[in-house]
Amino acid sequence: MSTIINGVTFFQDGLNPKPVVQNHVFPYTDIAEKVFKEHHIYLIARGHQTSRYPGRYQQVRVSNTFRTEPYTMFLSGHHFFSMGAFSLAASNLPLDTIVGRYSSIASSVHRFPLSHPTKRYTTSMLTYDRSTLAFQQYLQDSGNTVDYKPNTEPNGGPLVIGNDVWIGAEARFVPKPLTIGDGAIVAGGALVTKDVPPYAIVGGSPAKILKYRFPEPIIERLMALKWWQYGYGDLAVAPDDDIETFLDKVEQQVADGDLQPFTPPVTTLDDFVEMAERHDSIEDGQD
């Protein structure tokens, strides 16, 4: 059970890298909270509180492509995107974001919403956006008409974040399809303008490769092993094993047949739709 997107293997079926077709909004209610708890999707990282939403009249947003594994943490905002087990996101990323397992996304990570045209006489939206109220009013007041041409700058496409990725606070991503490879680290404050290779450490503006986490032979072993396909509780390792010892131990477990891939059930849009229907039926019953 896996999906390969831009060279990254995600260990669940059905992930869809195509642009989001529909954005669904659901109220955050007691029933919604129960669904999150039942599916082991966490809204806070520590403590006894179950929700970071202060009271009623809050909303959650999911897309038609949403598929998330249990033991995930969405610690900021109202967007719920596809994410693998044991990952956390402390930033409100776009709904078409795809995150693998064991990844950590710090706070204030941001993806720019739009690239403006740079080869036209102006970078302003006035050459391609008919709906801007101020520009509409100017044309009405002046009696002028203008032509519009689509913005051909590369915009949209998913932000694909692999497994065991660490993205530091205030990292930024340009609004085009980008892939952050397995094991990579994006330094805080970096401006990422192109794909990041597996196990690369990038930083700066624009982000450049500073170094790699491990030597190439070690990276090759890690990419062949793909240890993130397993539940970490099944790995017979110590937290502070050096990387070669870790690889030796887990490779031996695999060779001995002592490890089985972790294949938990996923939460999808259908679970939120069912949640909303349950809420509506309760509301109707109270009338």
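The values are calculated or read from the model by the stated rules, or taken from the named source; none is laboratory data. Note that this is a predicted model, so its numbers are computed, not measured. Methodologically, a virtual Cβ is constructed for each residue, glycine included, from the backbone with ideal geometry; neighbour enumeration extends over all protein chains shown.
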For this session: Exactly one condition in (1) under 20 Å from the mean Cα position of the chain (by Cα); (2) surrounded by 11 or more Cβ atoms within 10 Å (Cβ to Cβ); (3) at pLDDT 80 or above is not met by Lys34; state its number.
Result: (1)
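Go over the candidates Ala171, Ala238, Ala207 one by one and state the one that is farther than 22 Å from Gly7 by Cα, modelled with pLDDT of 95 or more, in the same structural domain as Val60 (by the TED database) and crowded, with 19+ Cβ neighbours inside 10 Å. Explain how you work it out, then say what you get.
Details: Ala238 fails: crowded, with 19+ Cβ neighbours inside 10 Å; Ala207 fails: farther than 22 Å from Gly7 by Cα.
Result of the check over Ala171, Ala238, Ala207: Ala171.
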For this session: State yes or no: is Val62 over 25 Å from Gly233 (Cβ atoms), in the same structural domain as Trp227 (by the TED database), surrounded by 21 or more Cβ atoms within 10 Å (Cβ to Cβ) and at pLDDT 95 or above?
Result: no
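Out of all the residues in the range 119-162, which are outside any loop (DSSP other than H, G, I, E, B) and surrounded by 11 or more Cβ atoms within 10 Å (Cβ to Cβ)?
Step one: filter the range 119-162 for residues outside any loop (DSSP other than H, G, I, E, B), giving 125-127, 133-142, 159-161.
Within the range 119-162, Met125, Leu126, Thr127, Phe135, Gln136, Tyr138, Leu139, Leu159, Val160, Ile161 qualify.
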Exercise. What single numbered condition from (1) farther than 30 Å from Ala90 by Cβ; (2) touching a Leu at 6+ places or on another chain (Cβ under 7 Å); (3) basic (Lys, Arg) fails to hold for Lys149?
Worked result: (2)
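Any chance you could count how many residues in the range 61-100 are of a type in the set (S, T, N, Q) and part of a strand (DSSP E or B)?
4
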For this session: Collect the residues in the range 113-137 that are touching a Phe, Trp or Tyr at 6+ places or on another chain (Cβ under 7 Å) and hydrophobic (A, V, I, L, M, F, W, C), keeping them in residue-number order.
Result: Leu126
For this session: Return yes or no: is Lys194 surrounded by fewer than 18 Cβ atoms within 10 Å (Cβ to Cβ), in a loop (DSSP other than H, G, I, E, B), basic (Lys, Arg) and at pLDDT 95 or above?
Result: yes
Exercise. Hey, among the residues in the range 255-275 that are crowded, with 17+ Cβ neighbours inside 10 Å and part of a helix (DSSP H, G or I), which one's modelled with the lowest pLDDT?
Worked result: Met275
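Output yes when any residue across the range 110-118 is of a type in the set (A, V, I, L, M, F, W, C) and outside any loop (DSSP other than H, G, I, E, B), and no when none is.
Just the residues of the range 110-118 that are of a type in the set (A, V, I, L, M, F, W, C), to begin with: 112, 114.
This time we only want the ones that are outside any loop (DSSP other than H, G, I, E, B), so: none.
No, the conditions are met nowhere in the range 110-118.
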